[in-house]
Amino acid sequence: MERGRLLFAGGCDFVAGVVPGGAFPPQELPEVAFAGRSNVGKSSLINALTGRKALARVSNTPGRTQQLNFFRLSRASGGDGADGLFLVDLPGYGYAKAAKRDIARWTGLTRDYLRGRVGLRRVCLLIDSRHGLKDGDRGIMDLLDESAVVYQVVLTKADKLKAGQLEAVRAATAKALARRVAAHPRQVVTSAEKGTGIAELRAELAELTLA
């Protein structure tokens, strides 16, 4: 927990927004990417992790993130491990109000990133706990399995469910993950609004800087 606190207590700056055809930033640090359906709460979670209100743009319009956004997280003094971490906000999928051609370009950009980024340590796959796994999520899981990229399910908006409902979603998700070759076995349950699971997820990600 302390390692995670120190990692996310440091500076966090926007580095680059990469569009199809653009160049990715140099791989100077370990990287963690965040993927999920549009409106899953991805930007809200990134803001909660970094303790900032508007680092990642929060929008009521699904599919607003149309590029790969790179943020550099610099470790506060006193911590061990690497000097920091790159956080990568991937385009949302599922509800983007754009031409099919544009969506195909964004999808291709994401595939290029996932398959060619040696420093990528993990993908946090965000799943709205109110809805559980959907076909789009399974498609991304297929891609990550094929690319041999480790991914960890992060259930979002947990405050919207009763305890019994949340446990049922966790159990169903765990059953689906058990058949996946690249899936991390442990889920993290979060609520960006209430702060649930934020410290735990910070700790999980800080461990990746030690590898």
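Among the residues that make up the stretch 153-165, is at least one of them closer than 23 Å to residue 136 by Cβ, open to solvent by less than 30 Å² (accessible area, probe 1.4 Å) and out of contact with any strand residue (DSSP E or B) (no Cβ under 6 Å at 6 or more places or on another chain)? Among the residues of the stretch 153-165, not one is closer than 23 Å to residue 136 by Cβ, open to solvent by less than 30 Å² (accessible area, probe 1.4 Å) and out of contact with any strand residue (DSSP E or B) (no Cβ under 6 Å at 6 or more places or on another chain), which makes the answer no.
Within the stretch 130-141, the set of residues being open to solvent by less than 30 Å² (accessible area, probe 1.4 Å) and assigned to a loop (DSSP other than H, G, I, E, B) comprises 132, 133.
Within the stretch 1-13, residues that are under 17 Å from residue 46 (Cβ atoms) have Cβ atoms under 6 Å from residues that are acidic (Asp, Glu) and part of a helix (DSSP H, G or I) in no pair, counting only partners at least 6 apart in sequence or on another chain. Condition check for residue 127 on (1) over 21 Å from residue 7 (Cβ atoms); (2) open to solvent by 50 Å² or more (accessible area, probe 1.4 Å); (3) at pLDDT 95 or above: one failure, at (2).
Select from the stretch 1-18 the residues that are at pLDDT below 90 and within 14 Å of residue 70 (Cβ to Cβ) and list them in ascending order. Listed by number, the list is empty, since nothing qualifies. If only residues of the stretch 108-124 that are aliphatic (A, V, I, L, M) and more than 15 Å from the chain's Cα centre (by Cα) are counted, the one that is surrounded by the most Cβ atoms within 10 Å (Cβ to Cβ) is 109.
Scanning the stretch 175-184 for residues that are closer than 16 Å to residue 135 by Cα and either open to solvent by less than 90 Å² (accessible area, probe 1.4 Å) or assigned to a helix (DSSP H, G or I) (or both) yields a total of 4.
How many residues, within the stretch 119-151, are of a type in the set (Ser, Thr, Tyr) and in contact with a Gly (Cβ under 6 Å, 6 or more places away or on another chain)? Total meeting the criteria: 0.
The condition of being open to solvent by 10 Å² or more (accessible area, probe 1.4 Å), of a type outside the set (Ser, Thr, Tyr), modelled with pLDDT under 75 and more than 17 Å from the chain's Cα centre (by Cα) holds for residue 101. Restricting the stretch 142-152 to residues that are out of contact with any helix residue (DSSP H, G or I) (no Cβ under 7 Å at 6 or more places or on another chain) and over 24 Å from residue 202 (Cβ atoms), the residue that is most open to solvent (accessible area, probe 1.4 Å) is 146. Looking across the stretch 195-211, the residues that are surrounded by 13 or more Cβ atoms within 10 Å (Cβ to Cβ) and not β-branched (Val, Ile, Thr) come down to 197, 199, 200, 201, 202, 203, 204, 205, 206, 207, 208. Scanning the stretch 21-54 for residues that are assigned to a helix (DSSP H, G or I) and in contact with a Lys or Arg (Cβ under 8 Å, 6 or more places away or on another chain) turns up 43, 47, 49. Only a single criterion out of (1) at pLDDT 95 or above; (2) surrounded by fewer than 19 Cβ atoms within 10 Å (Cβ to Cβ) is not satisfied by residue 31, namely (2).
The values are calculated or read from the model by the stated rules, or taken from the named source; none is laboratory data. These numbers were taken from a predicted model, which means no experiment stands behind them. With ideal geometry, Cβ positions are generated from the backbone for all residues, glycine too; neighbour counts draw on all protein chains shown. Ligands, DNA and RNA are excluded from the accessible area calculation, which covers all protein heavy atoms including side chains. Shrake-Rupley method; radii C 1.70, N 1.55, O 1.52, S 1.80 Å.
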